[in-house]
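In what follows, a single structure is set out as structure tokens and then discussed.
The values are calculated or read from the model by the stated rules, or taken from the named source; none is laboratory data. In this text, all values refer to a predicted model and were calculated from it rather than measured experimentally. Cβ atoms come from the backbone with ideal geometry, glycine included; neighbour counts cover every protein chain shown.
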Amino acid sequence: MRGNIVSSLPICLESVTLLLLLMEIRKMDLEARSLQPSLKATLLAKLREYKSDLNKLKREVKKLTSANSVQAAHEELLEAGLADSHMASANQRERVMMTTERLNQSSDRIRESRRAALETEDLGVSILGDLHQQRETLLHSNTKLHGVDDAIDKSKKVLTSMSRRITRNKWILGSIIAALVLAILVILYFKLFH
């Protein structure tokens with residue numbers, strides 16, 4: 001009886017590990033769906049591959065579990081001394097070790113995918129920060145440009161006003177000169193002819 005519990009312990013541990021991996025894959029699936037389309041497609045493809053590997057492993061664990069329960073019943077009946085149980089146990093151990101190896105490989109691939117997704121997320125956050133900073137710079141430049149544009153408009157108005165005054169002053173000065181010349185001519189006319 002105790003031998004049955006000990007032999008079923010690795011399979012129970014594998015079942016728990018598979019469940020934890022399934023939860024981790026689902027979590028990564030949700031994270032991958034929120035990424036950019038270019039990254040999303042590759043990550044989702046890898047996740048589908050991991051899910052299929054995980055499903056294969058689950059089927060093998062179920063086979064082993066059902067084989068283990070049959071084996072346990074068999075061992076209880078043959079505890080008196082039928083000795084083929086050692087070979088079956090060695091077979092089971094070998095299968096469990098192979099399954100564990102595959103599970104570890106899948107876990108490594110999942111960790112690598114998760115690391116790549118986190119790196120991609122960090123890169124995306126960094127790019128968004130840079131874009132936000134560039135947007136602020138462009139808005140600040142736009143505000144300065146409007147200020148310069150307003151200053152140019154004011155300067156243009158001042159120059160137009162100065163140009164009008166200069167033109168008006170020229171006309172006034174020309175009128176005064178013409179009036180003085182006319183006055184001098186009138187005075188000379190009266191002095192010379194009267």
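Worth a mention:
- Look at (1) out of contact with any Pro (no Cβ under 6 Å at 6 or more places or on another chain); (2) over 30 Å from S38 (Cβ atoms) and you find that V96 fails only one, number (1).
- Test: residue in the range 134-155 that is free of Cβ contacts under 8 Å to residues at least 24 places away in the same chain and under 30 Å from S52 (Cα atoms): no
Conditions tested, residue by residue: (1) surrounded by 10 or more Cβ atoms within 10 Å (Cβ to Cβ); (2) at pLDDT below 70; (3) touching a Phe, Trp or Tyr at 6+ places or on another chain (Cβ under 7 Å); (4) assigned to a helix (DSSP H, G or I).
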position	(1), (2), (3), (4)
L57	yes, yes, no, yes
E75	yes, yes, no, yes
L82	yes, yes, no, no
G129	yes, no, no, yes
